1. With respect to Lys172, determine if the residue is open to solvent by 60 Å² or more (accessible area, probe 1.4 Å) and either at pLDDT 80 or above or within 30 Å of Phe96 (Cα to Cα) (or both).
2. If only one of Phe56, Phe110, Phe96, Phe63 is under 30 Å from Ser205 (Cα atoms) and either within 27 Å of the chain's Cα centre (by Cα) or modelled with pLDDT under 85 (or both), which one is it?
3. Within the stretch 14-30, count every residue that is within 15 Å of Ser117 (Cβ to Cβ) and open to solvent by 50 Å² or more (accessible area, probe 1.4 Å).
4. Just name the residue that is modelled with the highest pLDDT out of those in the stretch 66-82 that are closer than 25 Å to Thr7 by Cβ and more than 17 Å from the chain's Cα centre (by Cα).
5. Do you know which of the residues in the stretch 59-71 that are open to solvent by 70 Å² or more (accessible area, probe 1.4 Å) and in contact (Cβ under 8 Å) with a residue 12 or more places away in the chain is nearest to Ile107 (Cα to Cα)?
6. Tell me which residues, restricted to the stretch 31-52, are surrounded by 11 or more Cβ atoms within 10 Å (Cβ to Cβ) and not aliphatic (A, V, I, L, M).
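The values are calculated or read from the model by the stated rules, or taken from the named source; none is laboratory data. What you are looking at is a predicted structure, and each value in this text was computed from that prediction instead of being measured. Using ideal geometry, Cβ is built from the backbone for each residue, glycine included, and neighbour counts are taken over all protein chains shown. Note: areas computed on protein heavy atoms with side chains; ligands, DNA, RNA excluded. Shrake-Rupley method; radii C 1.70, N 1.55, O 1.52, S 1.80 Å.
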Amino acid sequence: MATLQYTGVFALLIAEIFVFVLLILPMPTRWKRAMITWSSRSVVAQRVLYGVRIAFGFILLLFCDAVMRLRKVEQEKHKSRLVDEHALCQMKVQQFYAQRNTYLTGITMFLGLILISTHSLIAQLVAGDGTASSSTTPRLTTSGPGSSKAENERLKGQLADARKELDELKKKDRDMETLKKQADSSHKEYMRLADECEGLRKKISAASESKKDA
């Protein structure tokens, strides 16, 4: 059951990556405006978004459970001094699975927040481009120096807000890269532990066969 749950979390992570790449993909402004408008007004998109929010609640519970399991395994590892190599190997495998589940659920929730922020930012930029393109000509013919100055101030404020949000997105991207590196290191550690475990099993089986022969 747990494997099925984390498989669903992984599938949601792949879907988030696909949508994020689709949002940042360079395309004509009218296409991107149509896509943002559809995602904001479509009934199907709203239902999907509602289901994703419910899924995020379950993922949060899985994240808390994975963190608790990881702490429990680490506490048992520090408290007990195992001499049996097989039991030690099993404990390391449990620790790896707890770390993997923690990283998987954490990255999924983190990428979901980045996706929501990116969608909101792109929607604001597209709306600003549409408003500017539709109102540039009348304002040039009817506005005076005072209104032009106010318009420049408003655009400067929007530009400052957009730059601030872009800086936050860059910071979140760096955090995501750090999590990916941690996940890769955990995978390498798991493969090393699996090799060690297989070697220990072979040694134990060889020792047991030698005892039977004796």
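1. Details: open to solvent by 60 Å² or more (accessible area, probe 1.4 Å): no; either at pLDDT 80 or above or within 30 Å of Phe96 (Cα to Cα) (or both): yes.
When the stated conditions are applied, Lys172 does not pass them.
2. When all the criteria are applied, what remains is Phe96.
3. Looking only at that region, the number is 2.
4. Checking each candidate, the answer is Met68.
5. Leu60
6. Lys32, Arg33, Thr37, Trp38, Ser39, Ser40, Ser42, Gln46
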